Every structure is written in C-alpha cells, then in structure tokens.
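For reference, the structure is listed below as structure tokens.
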Amino acid sequence: MRLIKEVQRLDNTVTAAYPGGVRAVLPIRPEVLEALTKAFVAVTESGTWVRARVKGMNVVGKTGTAQWGPKQR
C-alpha cells in the first residue's frame, strides 16, 4: 500500500515525489487490515469524501485527525 507517490500541480508538473519501498512492516492481523481497508474505501465510496473519487482509480481516505503521544507534549 502506498499513501502518496507524488504531488502534482494542475498542469501535471510534479512538486514533490516520494520514493517507493517498504519503510516499516506493522504486525496487523489480516482481519484488522480488512476492516481498515473497508473503512478507508467507505470514506470515498459513500462517506465524507465522495468527491475525492477518481474514475478508473482506487481512492481511499480517512476522516478526522490522527492523535498520538501523551497530551503534555
């Protein structure tokens, strides 16, 4: 799974590119990965970001903001 390959302007010029390759392997059980995948797909198929759909491409999304670490940081 790749989150971002590159960022382009409307004229198709690339403003940022990210190399491929595995950065880390997370120990996620297959059933958890399947549930996450369904949730991410639902965001663009019928949820908050249906306007993000791109014909001929699989687009997934996430709603909200990720939080991490202790609150005092």
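Laid out as a table, the results:
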| item | result |
| --- | --- |
| Options Val59, Val22; residue that is assigned to a loop (DSSP other than H, G, I, E, B) and free of Cβ contacts under 8 Å to residues at least 12 places away in the same chain | Val22 |
| Every residue from segment 1-43 that is of a type in the set (Asp, Glu) and over 20 Å from Asn58 (Cβ atoms) | Asp11, Glu31 |
| Hey, Gly20 touching a helix residue (DSSP H, G or I) at 6+ places or on another chain (Cβ under 6 Å) and closer than 23 Å to Glu6 by Cα or not | no |
| Residue within segment 30-42 that is modelled with pLDDT under 85 and hydroxyl-bearing (Ser, Thr, Tyr) present | no |
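The values are calculated or read from the model by the stated rules, or taken from the named source; none is laboratory data. Bear in mind that the values here come from a model prediction, so they are computed numbers and not experimental data. Cβ sites come from the backbone with ideal geometry, for glycine too, and all protein chains shown count toward neighbours.
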